[in-house]
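What follows is a single structure, written as structure tokens, with notes after it.
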Amino acid sequence: MASKEARVRELETRMEEPNFWLDNDAAQKVISECNQLKVWTVPYLQLKGRFNDIQHLLPEVIAAGDADLEKECFDELDKIEAELSEMEVRKMLSGELDNKNCYLSINSGAGGTEACDWALMLSRMYQRWATHHKWNIEVIDTQDGDVAGLKSITMKFTGPFAYGYAKAEKGVHRLVRISPFDANAKRHTSFASVDVSPEIEDDIEVVIRPEDVRVDTYRASGAGGQHVNKTDSAVRMTHMPSGIVVSSQAQRSQIQNRETCWKMLRSQLYQMEVERRQKSLQDIGGQKKEIAWGSQIRNYVFQPYTLVKDTRTNVEIGNVQAVMDGEIDPFVLAYLKEFG
């Protein structure tokens, strides 16, 4: 940590130089490096200061016999320990892509309407999880189910180490519950897959030949009425050599949606290259399997009992509702500790 603090001081000194902004690109790289280092140094210094305060205060509080204040001090120590534990997990996020923003896509699998509803439930879970981490959330593209729910959705999470954390969720997720769409109230099993890819910045070169990409435009879905989209502003791009398909309808203009698609395509192609170099899909975020029985990374059981269990780490949580409200960090942290 001392070396990171020294590097921050060095970069901040350079940023104060009169000619710092003469080269805008170089200046932006310095600022970016400084900000990335501060993601580590600032929380550490804050924790260190809080711990020192408690360390000096606690003996006096115990001597004074103030039980309420003593409890507050120990509660603060518990919070410091929890935040320090999270920082230790971040030490595992040392991959070249871990500090990037990311795209998270959910696709419904086996289970029909029930699977589409499950995809919608997962999208809510991840949006709440991202909110807990104070990341910015942008819905890039959605495809509604025929009856209910979502066939697919792509979201962008913007925040510190968004990809490093979210990559733990890549895989097939299995739901067991009594279906609200079954008049006989029978238990149903549904599947949805989650795919995660990092956002690649412009300083990383990814060569895409225009002739390898098929571009389709279509009318974006909307609320209808006076707000219905009357132009083919939505864009879908297919990279034919790899089979990668990306789409965007979040922006109002076709040009903006094209730009978003290019960014997502570059990100996925770069990720494929990293995976190829590492020769293991698990090194970059888990195995991608068929969206069906036997390939799931996590089971969510609503009936006849409530339990969420990760098949990779064996972490279990009995409070299903808390998990669906976005409290999935125990699964993510366990994955990072074991595979990160």
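For the reader, a short list of remarks on this structure follows.
- The stretch 61-82, residues that are exposed (fewer than 13 other Cβ atoms within 10 Å of the Cβ) and outside any helix (DSSP H, G or I): Gly65
Okay, residues lined up against (1) open to solvent by 10 Å² or more (accessible area, probe 1.4 Å); (2) assigned to a strand (DSSP E or B):
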{"residue": "Tyr165", "(1), (2)": "no, no"}
{"residue": "Ala168", "(1), (2)": "no, no"}
{"residue": "Arg177", "(1), (2)": "yes, yes"}
{"residue": "Phe181", "(1), (2)": "yes, no"}
{"residue": "Asn184", "(1), (2)": "yes, no"}
{"residue": "Thr189", "(1), (2)": "yes, yes"}
{"residue": "Asp195", "(1), (2)": "yes, yes"}
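- Scan of the stretch 83-101 for residues that are outside any loop (DSSP other than H, G, I, E, B), open to solvent by less than 60 Å² (accessible area, probe 1.4 Å) and either in contact with a strand residue (DSSP E or B) (Cβ under 9 Å, 6 or more places away or on another chain) or not hydroxyl-bearing (Ser, Thr, Tyr) (or both), ordered by number: Met87, Val89, Arg90
- Members of the stretch 138-170 found to be of a type in the set (Gly, Ala, Ser) and closer than 27 Å to Thr311 by Cα, listed by number: Gly149, Ser152, Ala162, Gly164, Ala166, Ala168
- Residues in the stretch 231-253 that are under 16 Å from Thr142 (Cα atoms) and not basic (Lys, Arg): Asp232, Ser233, Ala234, Val235, Met237, Val245, Val246, Ser247, Ser248, Gln249, Ala250, Gln251.
- Filter result (in a strand (DSSP E or B) and crowded, with 16+ Cβ neighbours inside 10 Å) within the stretch 293-308: Gln296, Ile297, Arg298, Asn299, Tyr300, Val301, Val308
- Candidate set: the stretch 104-129, residues that are in contact with a Lys or Arg (Cβ under 8 Å, 6 or more places away or on another chain) and open to solvent by 10 Å² or more (accessible area, probe 1.4 Å); chosen: the one nearest to Pro160 (Cα to Cα): Asn107
Let's see how each residue does on (1) under 26 Å from the mean Cα position of the chain (by Cα); (2) under 27 Å from Asp75 (Cβ atoms):
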site: Phe20; (1), (2): no, no
site: Asp23; (1), (2): no, no
site: Gln28; (1), (2): yes, no
site: Val39; (1), (2): yes, yes
site: Gln46; (1), (2): yes, yes
site: Arg50; (1), (2): no, yes
site: Asp53; (1), (2): no, yes
site: Leu58; (1), (2): no, yes
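- Every residue from the stretch 197-214 that is assigned to a strand (DSSP E or B) and open to solvent by 30 Å² or more (accessible area, probe 1.4 Å): Arg214
The values are calculated or read from the model by the stated rules, or taken from the named source; none is laboratory data. Values in this document were obtained by computation on a predicted structure and should not be read as measured data. Cβ coordinates were reconstructed from backbone atoms using ideal geometry, including for glycine residues, and neighbour counts include every protein chain displayed. Heavy atoms of the whole protein, side chains included, go into the accessibility calculation; ligands, DNA and RNA do not. Shrake-Rupley method; radii C 1.70, N 1.55, O 1.52, S 1.80 Å.
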